[in-house]
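Please read the structure below before turning to the comments.
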Amino acid sequence: MKTHKSIWTLLALTVVLSMLLAACAPAAQPAPAPVAPAEAPAAEEPAPAEAPAPAEKPAEEPVAEATPAPAEEEGLSGEVVVSLQGQDTQTWQALCDAYTAKNPNAKCSVELKPSEGYQDWIRTQFAGGTPRPSWVNGNVVADLMSAKKFVNLEDYLDRDNPYNDNKPWRDSFDQSVMALSRDATTGELYHLSLEMVKIIWFYNQDIADKIGMTEAPKTWDEMAGWMEKAQGEDVIPFCIGGDFQEFWEMRIGWLARMYQDGFYCTPEKWELSRCQEGDWCFEKGVDDKFPEANWAEDPHYDDADKVHQNYVRWLLAFEDGKIGPQDPEYRALMQEFKRVLQPANLPPGWTGVNGQTAYSLFLSGKCLFWLDGGWTIANIEKDISNLASGKFFSAGEGTPTPTPDPSYAGVKPFPFGTFDNPKMTVEEAQCPWQRTIEWPVGFWSVPVKDAAQNDLEIDFMMFVTSPEGWAIYLQNKIDPDNPNGGITGPSIVKGAALPPEIAAKFENLKPVGNTEKTTAGSGFSRGIGDYQPMVREWVNLAQQYFTDQIDLDTYIKNYNEVLRRPDLWQGMLDTAKLTPEDMQNPEKKPVNK
């Protein structure tokens, strides 16, 4: 069992993609030493981030391709507007100030946005014509990415970076990890994701000792058993939110994607959707060698550099009833989920509890288990301090600052442990291992504008990812006086490293295999293609099932009907920009691909 009062530098990851997570981590712990440029690349490691989440309607504007204009050596002018999700104004203002000091004719504005309503806010920017923001989190509007509304950063990677000794910009990053952010079949790169994240479980060591849990659970059975035992101890066995955001974008969504992989990752399931010889996506030397004979020994055996999925073939397999909620595998998965996601194990009024409130319950020492990203390892003590001082619950934009809850005034740090996803061991869970979300996150995307404006916005991106810029980024992120700082995990940017005492906190987060990629099972874990009308229907049904309002048979019947409902099916195809011709000719490259 690993117990951590202070904890662990990450190892490099070798894994591959798909949407998550939405990327906000709590504030980071204090770091005594300043960040300085380093000669060697910083260590890398994988995890949560959710794959881009498509929305209801595809963009209707004509596609505009950005063509890089020749970069000027000096005299760049115009405005860069940083409109990412979050509240960390300190870090971005420091970067803006450093950039404009080098480019006095440029203006740099920090206009960060709250997560709530962010997807709609981005769509509004595009609906009004040319968007003003320079940087947004493009993962929440995957349909706009498919419509090429964002700059393909691949077009710029061979440009010289004037802030890094005029080396090609490509040389600033670990390319093996950057590959995870690319389109698996075209190689296009529509967002920068530079910090590695991994989803893991946390437990309160004091509560574990009280109920006799001497080591972290390795199986779902063991974990469910400890939750049942904790029910009699005046604690909450599992603190997790249950509102819409938690189901779609956050922890329930993570569980749905991660654990469905354990039932559908086999070569047999892959045969339903992988690129066949003669398909436009078939790569000789890769797809004809899949799977390797020892596939069961390698949790990375189906990464995107080892097999390619033909999404149209997957949709046709689903349409033909070869895969879907009626599968015995899916039924077994939902039965197993119900052993943990039941009212007796969860916070009162669970489906109305958001993620921040659930986390505050864990921080206050009231919960046995918590599910989160590896970033929590470095942030938990600071978060407990903020909870005790009334700084944890931040006000939303335009709302009054909440009154500190006096019941949290006495909370203190407690010993905690971590463990990887415990494996479900029912017969239908045919995968030899249980993988997790380990993925680079950030999802910084640049809306397509005229070439000169995009060149300025990419120039700022080059500065931020230079050794000097990234050192400023890290220094402010780990500043103990930055209330909205915090790092997600190790970085894939070369030339600046975390102080050893901070890096050491991530040391034991070993890669176990990534679930954030296109596989046979990932396609219907919560709707199809993150098409929002389907997602909303799934959330409603799943909440009813987990709160005992409907039984499993009713849930499966209704969910299957939702996914096959003609209006929703067509809406999903439209959002994915798939035509009738595409569906009739799976061997051909989709018209809008």
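Bear in mind these aren't lab numbers, they're just calculated from the coordinates by the rules spelled out. Since the model is a prediction, treat every value here as computed from it, not as a measurement. Heads up, the Cβs are rebuilt from the backbone with ideal geometry, glycines too, and the neighbour counts pull from every protein chain shown.
Classify region 429-520 from the C-alpha gyration tensor, please: rounded if a/c falls under 1.5, else prolate or oblate depending on whether a/b exceeds b/c.
Working: a/c = 2.69, a/b = 1.29, b/c = 2.09.
Note, shape of region 429-520 comes out oblate.
Within region 300-339, name every residue whose backbone N is under 16 Å away from a label modeled 7 Å from Cα of LYS289 along the Cβ vector.
300-308
Over the Cα atoms of region 95-231, compute the convex hull volume and normalise it per residue, giving Å³.
230 Å³
Which of the three applies to region 474-591, rounded, prolate or oblate, going by the alpha-carbon gyration tensor with a ≥ b ≥ c and a/c under 1.5 meaning rounded? Each step should come with its number before you reach the end.
Numbers: a/c = 2.83, a/b = 1.75, b/c = 1.61.
Prolate, because a/c is 1.5 or more and a/b exceeds b/c.
Among DSSP bridges having both ends in the chain, what percentage is antiparallel? Round to the nearest 5. Write down the numbers at each step before the final one.
Working: 27 of 40 bridges.
Of all bridge pairs located within the chain, approximately 70 percent are antiparallel.
Could you work out how far apart the two model spin labels at LYS391 and ASP155 are, taking each label as a point 7 Å from the Cα in the direction of the beta carbon, and quote it in nm?
Once both label points are built, they end up 4.3 nm from each other.
Computed from these coordinates, which is Rg/Rh (Cα atoms, Kirkwood Rh): [x] 1.14; [y] 1.01; [z] 0.95?
[z]
For region 128-204, what does the alpha-carbon gyration tensor say about shape, rounded, prolate or oblate, given a ≥ b ≥ c as the root eigenvalues, a/c under 1.5 as rounded, and a/b over b/c as prolate? All intermediate terms of the calculation are to be shown ahead of the outcome.
Numbers: a/c = 1.74, a/b = 1.13, b/c = 1.54.
Oblate shape, in that a/c is at least 1.5 and b/c is the bigger or equal ratio.
Run the quick spin-label model on ASP405 and ASN540: label points 7 Å from Cα toward the beta carbon, then report their separation in nm to one decimal.
My value for the distance between the label points is 3.0 nm.
Sort HIS191, HIS300, HIS308 so the one with the fewest other Cβ atoms within 10 Å of its own Cβ comes first. Could you put the intermediate results ahead of the total?
Numbers: HIS191 24, HIS300 17, HIS308 21.
Placing the least packed residue first, the sequence is HIS300, HIS308, HIS191.
Compute the FRET efficiency between LYS338 and ASP574 as 1/(1 + (r/R0)^6), taking r as their Cβ-Cβ distance and R0 = 25 Å, and round to the nearest 0.05. Provide the component values of the computation, followed by the final result.
Details: r = 34 Å, r/R0 = 1.36.
E between LYS338 and ASP574, to the nearest 0.05, is 0.15.
Given R₀ = 22 Å, what would the calculated FRET efficiency be for GLN356 paired with THR89, taking r from the Cβ atoms and rounding to 0.05? Let's see the in-between values first.
Values: r = 19 Å, r/R0 = 0.87.
Once rounded, the FRET efficiency stands at 0.70.
Could you give each residue of region 532-546 its phi-based ³J(HN,Hα) in whole Hz, using Karplus coefficients 6.51, -1.76, 1.60 with θ = phi - 60°, and x for Gly or Pro?
So the Karplus estimates, Gly and Pro as x, are 4, x, 5, 4, 4, 5, 5, 4, 4, 5, 5, 4, 5, 5, 6 Hz.
If I take the Cα coordinates of region 259-407 and project them onto the principal axes, what are the three extents in Å, biggest first?
Principal axes ranked by extent give 65, 36, 31 Å for the Cα atoms.
Would you mind checking region 221-246 for residues with the amide N under 20 Å from a putative spin-label position 7 Å along Cα→C-beta of ASP548?
224-243
Check cross-link reach from LYS494 to the lysines: straight Cα distance under 23 Å, and skip same-chain residues fewer than eight apart.
The reachable lysines, counting only those whose Cα sits under 23 Å from LYS494, are LYS102, LYS167, LYS198, LYS477, LYS505, LYS510.
Please give me, ordered by residue number, the trypsin sites (Lys or Arg not before Pro) of region 227-324 that lie in loop per DSSP and have at most 15 other Cβ atoms within 10 Å.
Here the sparse-neighbourhood loop sites are LYS284, LYS322.
If r is the Cβ-Cβ distance from ARG132 to ASP206 and R0 is 41 Å, what FRET efficiency results, to the nearest 0.05? Let's see the in-between values first.
Numbers: r = 50 Å, r/R0 = 1.22.
Calculated transfer efficiency: 0.25.
Taking H placed 1.01 Å from N in the peptide plane, check which residues at least 5 places from LYS589 or on another chain put their amide H under 5 Å from its amide H.
Residues meeting the criterion, in which the H sits 1.01 Å from N, are TRP280.
Rounded to whole Å, give me the distance from the Cα center of region 554-593 to that of region 303-350.
Measuring centre to centre over Cα atoms gives 17 Å.
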